[in-house]
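The values are calculated or read from the model by the stated rules, or taken from the named source; none is laboratory data. Treat the numbers as computed from the prediction; the structure is a model and nothing was measured. Counting neighbours? That spans all protein chains shown, and the Cβs are built from the backbone with ideal geometry, glycine included.
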Amino acid sequence: MDDDHGVRLDANTKAHRAMNKAAAISWPLPADRRLDQLVSLANDAGAATHRNELTAAMVAAATPDGDHLLGLVVSWRRLAVRDVVIDVEPDAQVIYLPRYRPGRRRRDAG
């Protein structure tokens, strides 16, 4: 039953089958590129997934502990672009990141 304050979900429904919510976020390009690369790696392993599902899986797997999450944020803030984007050449001084149009990526776009 929906009302103006939220939605009720059956607690035993598989989370991946629950009602969707658009989650428009703005984040740095290196994180966005890494997500594409992680999706590609998951798909190479047989996942047949997309950015939204992998992101949901990572959020669900996060440890619900404030101190742990604080550590993740502090670690993130210390990373260089080369530490986030996968397979950067060790001597690279500039990293080119492809840009994609909005919408689903083709499976080979990673």
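Please give the number of the condition Leu72 fails out of (1) without any contact (Cβ under 8 Å) to a residue 24 or more places away in the chain; (2) in a loop (DSSP other than H, G, I, E, B).
So Leu72 meets the others, but not (2).
Looking at (1) over 22 Å from Gly103 (Cβ atoms); (2) within 11 Å of the chain's Cα centre (by Cα), which is the one condition that is false for Trp76?
Only one criterion in (1) over 22 Å from Gly103 (Cβ atoms); (2) within 11 Å of the chain's Cα centre (by Cα) is unmet by Trp76, namely (2).
Quick one: in region 71-106, of everything that is of a type in the set (Phe, Trp, Tyr) and surrounded by 10 or more Cβ atoms within 10 Å (Cβ to Cβ), which residue is nearest to Ala42 (Cα to Cα)? First the steps, then the outcome.
Pass one, region 71-106, residues of a type in the set (Phe, Trp, Tyr): 76, 96, 100.
Now restrict to residues that are surrounded by 10 or more Cβ atoms within 10 Å (Cβ to Cβ): 76, 100.
Details: Trp76: 22, Tyr100: 19 Å.
For region 71-106, the residue satisfying everything is Tyr100.
Here's a check for you: in region 1-56, which residue that is among the β-branched types (Val, Ile, Thr) and in a loop (DSSP other than H, G, I, E, B) is modelled with the lowest pLDDT?
Kept after step one, since they are among the β-branched types (Val, Ile, Thr), are these residues of region 1-56: 7, 13, 25, 39, 49, 55.
So of that shortlist, the ones also in a loop (DSSP other than H, G, I, E, B) come out as 13, 25, 49.
Numbers: Thr13: 97, Ile25: 92, Thr49: 97.
Looking at the filtered set, the residue picked out is Ile25.
Name the residue, out of Ala18, Ala56, Ala22, Ala45, that is in contact with a helix residue (DSSP H, G or I) (Cβ under 9 Å, 6 or more places away or on another chain) and either surrounded by fewer than 14 Cβ atoms within 10 Å (Cβ to Cβ) or under 29 Å from Arg78 (Cα atoms) (or both). Can you show your working first?
Details: Ala18 fails: in contact with a helix residue (DSSP H, G or I) (Cβ under 9 Å, 6 or more places away or on another chain); Ala22 fails: in contact with a helix residue (DSSP H, G or I) (Cβ under 9 Å, 6 or more places away or on another chain); Ala45 fails: in contact with a helix residue (DSSP H, G or I) (Cβ under 9 Å, 6 or more places away or on another chain).
None of the other options fit; the residue is Ala56.
For the subset of region 57-68 comprising residues that are assigned to a helix (DSSP H, G or I) and not small (Gly, Ala, Ser), which member is nearest to Ala22 (Cα to Cα)? Please lay out each step first, then the result.
The initial filter retains those residues of region 57-68 that are assigned to a helix (DSSP H, G or I), namely 57-61, 66-68.
Subset that is not small (Gly, Ala, Ser): 58-59, 67-68.
Working: Met58: 17, Val59: 15, Asp67: 28, His68: 26 Å.
Top of the filtered list is Val59.
When the residues of region 3-28 are narrowed to those that are farther than 18 Å from Asn52 by Cβ and of a type outside the set (D, E, K, R), which ends up farthest from the chain's Cα centre (by Cα)?
Within region 3-28, the match that is farthest from the chain's Cα centre (by Cα) is His5.
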